[in-house]
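> Structure below; questions to follow.
Nothing in this text is a laboratory measurement; each read-out follows from the coordinates by a stated rule. Predicted model, so just to flag it, every value in this text is computed and none were measured. Please note: Cβ atoms are built from the backbone with ideal geometry, for glycine as well, and neighbour counts cover all protein chains shown.
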Amino acid sequence: MSLFQDPLYVKPEKKTLTKSEAAIALRTAWKSISGSFPSNESLAILWAKTKQETGNFRLQFINFNFGNQKDKNDNKPFTMFKCGEEITLKQAQQLVLKTPDLVKIVSTYKKKGEDYASVIILPGHPWSKFKSFTSVEEGAEEYIKFIAFKDRYKKAWQKCVEGDAVGFSHELSVAGYYTANEKKYTEGVLKGVKEFFDNIDELLEKSPQTLKSEELLNVDLTNVPDVEPTIVIDNGVLINVPETSIWPHEDPSIQIPLRTEITVLPADPPKDKKIGFTVLEKTGIGVMNKKLINKSNNNFVFYVFTGVIVVITYLLTTCS
């Protein structure tokens, strides 16, 4: 039976994500799997790697497959599309003999004294099978699980957690994750990491638990829940914080939220008032009180954000 007739086969469709949507999807997936958000360094590595493999999340981003994961006949939906591989010349020649219409040798070269070949695999060949997902959330989570939970990529995943982009790329190569030239692959990842940090504010602008000052001032802190030891600090970001409370810490990057609103109040009724106007100015200031609540081994001191709002009203009246 042709692979195209397999009931699990799904027609390939190119998907498109903005760079920001991809970053947030990967960050959210990490949180969903591990219970905490990744460091910016780890997120940058995953983002850079998938950006490179999917053509900026649009050219080769097919069926929400973030890492171009191959299908391993695990009885799950799959798709097929044209792909390239770097394999030994002997392997390439064997593939061509078996399926001459589906495998093409593009070029040959030497690698560590051995003959290698660049080949093109066409849809219909087993090597052209890739996993197919139904949503960006599913694709992002399965991509992270694929690398994080497989013993084969254990060393690579550790490098990702450590924020070591070069080590991550190297260990993936050693484990056989990709067959491309390691130097070129690593250069692509490093370029992506730099782009991530050059644009980090824009990429993570709508990320979960990233609140604007207006939202901070509206948080209800009347019933602050107990803090569990799972709260940790990660690159200036507090992790596992209850959604109804804000927990800043002593860090120069923390900005005290400040909002000022000036509203001109009309005279009521105007004919009974002198000529003039009333101005109401509301200034919200976040105040932090020191309160040691550390119960973990992270040796971090957190401060409760009490959410005190100072309201100052000025009545300015001018007379003719």
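> Okay, which of segment 47-62 sit inside 20 Å, backbone N to the point 7 Å along the Cα-Cβ direction of residue 106?
Zone members listed by number: 49-62.
> Can I ask one more? Please report, in whole Å, how far the alpha carbons of segment 113-208 spread along each principal axis, starting with the longest.
46, 35, 26
> Taking 0.36 nm per residue of separation and subtracting the Cα-Cα distance, what length does fully extending residue 94 through residue 158 add?
That works out to 19.5 nm of additional length.
> What is the set of long-range amide H partners of residue 60 at a cut-off below 5 Å, with H atoms built 1.01 Å from backbone N?
Here the answer is 55, since their amide H atoms fall under 5 Å of that of residue 60.
> Using a cut-off of 14 Å between beta-carbons, work out the net charge of the residues near residue 148 (Lys and Arg +1, Asp and Glu -1, residue 148 not included).
With Lys, Arg at +1 and Asp, Glu at -1, the net is +3.
> With the radius of gyration and the Kirkwood radius both derived from the Cα set of segment 22-135, what is their ratio Rg to Rh?
Using Cα coordinates only, the ratio equals 1.06.
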